[in-house]
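Reading through the structure tokens given below for one structure.
The values are calculated or read from the model by the stated rules, or taken from the named source; none is laboratory data. None of the values given here were measured: they were computed from a predicted structure. Backbone-built Cβ (ideal geometry, glycine too); neighbour counts: all protein chains shown. Only protein heavy atoms, including side chains, enter the accessible area calculation; ligands, DNA and RNA are left aside. Shrake-Rupley method; radii C 1.70, N 1.55, O 1.52, S 1.80 Å.
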Amino acid sequence: MKTPLFTGSALALATVLALTACGGSAQSSPEATSATCPNGEIKFGIEPYEDPAKLKPAYDVLAAALSKKLECPVSVQVVEDYAAEVLAMRNGKLDLGQFGPLGYVFADAKAGAEPLVSFGTAEKELSTYTAGIWVPKDSPIQAIGDLKGKSLALGSVGSTSGDVLPRFGLREAGIADADLKMDYTGGHPEALLALTNGKVDAAEINSQTLATAVAAGTFKKDDFRQVWTSNPIPNDPITVRGDADPAFKAAVKDAFLSLEPADVAKVGEFLDVTPPGPLLEVTKDNYTPLFELAETMGLTEKDL
């Protein structure tokens, strides 16, 4: 049985400052200040777990619904990488941020990020996903322990399911990082593509990316086999900056909890939450396994 533990490049400050120039088109207004709109605009950062060109339209739908509830423009900003999002929130460039589960661990430590909600199923239960390692169906690799000396495509450094969890699985199987060739491709879709194009012996493919690729017809499950999977991982939390006004925090949480499933449906498709349910309240306790994973793997913010 697998231990129930779950989850990297410092970015120049210029990248963080550039965040203020991207995202939504709404303009801040000095008059639009209130408990729900303290700075005339709410900046909402999203981790780059999929192609930003695809993520942005989906989150714009969610942001529009949130904006209506709060009577305040909400600007969506898909950041460059996990480290950039943590740094941006720490420097006050983001009011809200959706982090990967492991990214949240560092956002908690370095930016005081407080989880508000995560994605619920149609049964109104918190959704989860899994990390996985896949190989071609005719590969001699039958289990994760057979990967020694092979090539493995990973997603982005610091990704929960695209980096740390597969390496944790390898460690459990007695394989050190140096015992195989790990190729960081830059994202989940890129890791999948490396496998389907025959560039590597195996690749990380989490259940979310798998569902998206199968639906799009870019991955045929019958041509591949899964040789390892993780225990369920709690889905991404949407967080608020820790030093935000308590009234703002409460208003944003209430607004998120009052959104309709249709408001988050397009985002849910990327997170394998279909059919979608409402957003549900979460706390730091929901992500305890990720804090344990970071400690077990000896991770620091330098690993983002």
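Before moving on, here are some points about what is shown:
- Verdict on VAL200 being in a loop (DSSP other than H, G, I, E, B) and either of a type in the set (S, T, N, Q) or crowded, with 16+ Cβ neighbours inside 10 Å (or both): yes
- Residue that is open to solvent by less than 20 Å² (accessible area, probe 1.4 Å) and more than 19 Å from MET297 (Cβ to Cβ), where the choices are VAL76, VAL86: VAL76
- Residues that are at pLDDT below 50 number at least 2 in the following helices (runs of 4 or more DSSP H) confined to the range 1-92: 13-18.
- Just one of the listed residues (GLY112, GLY158, GLY132) is open to solvent by less than 60 Å² (accessible area, probe 1.4 Å) and modelled with pLDDT under 95, and it is GLY158.
- Selected residue (criterion: farthest from the chain's Cα centre (by Cα)) from residues of the range 201-232 that are closer than 15 Å to PHE270 by Cβ and among the β-branched types (Val, Ile, Thr): THR218
- ALA153 vs. criteria in contact with a Gly (Cβ under 6 Å, 6 or more places away or on another chain) and crowded, with 24+ Cβ neighbours inside 10 Å: no
- Qualifying positions in the range 112-130 - touching a Gly at 6+ places or on another chain (Cβ under 7 Å) and of a type in the set (A, V, I, L, M, F, W, C): ALA113, PHE119, ALA122, LEU126
- Any hit, the range 241-251, residues being under 30 Å from VAL76 (Cα atoms), in contact with a helix residue (DSSP H, G or I) (Cβ under 7 Å, 6 or more places away or on another chain) and among the basic types (Lys, Arg): yes
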